[in-house]
Amino acid sequence: MAGITQAQADAQLTQWLGALDAIAGNQSYTINGRSLTRANLADVQAQVDYWDKKTKSLTAGGRRVRLGTPV
């Protein structure tokens, strides 16, 4: 089974950054005493951090790295 590719990690990071942007200004609201929370901002930020680190690790030093071994 192949590891996560640079393209996959980049795509995930892009998606999670989009989610972060979408909820940053309007995470929750209340109408007539009822509240709705669209997403947990902390969870989304954790995913952004994870995928940011993953993309950086895959391009460590300008080299592609897979499963901890330079390719």
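Brief remarks on what is shown
- Output for the range 30-58, where each listed residue is under 23 Å from residue 5 (Cα atoms) and either among the hydroxyl-bearing types (Ser, Thr, Tyr) or in contact (Cβ under 8 Å) with a residue 40 or more places away in the chain (or both): 50, 51, 54, 55, 57, 58
- Taking the criterion of being among the hydrophobic types (A, V, I, L, M, F, W, C) and exposed (fewer than 12 other Cβ atoms within 10 Å of the Cβ), the residues of the range 1-23 that qualify are 1, 2, 7.
Here, each number is a calculation from the coordinates, and none is a lab measurement. As the structure is a prediction and not an experimental result, all values here were calculated from the model. Don't worry about glycine lacking a Cβ; one is built from the backbone with ideal geometry, like all the others, and counts go over all protein chains shown.
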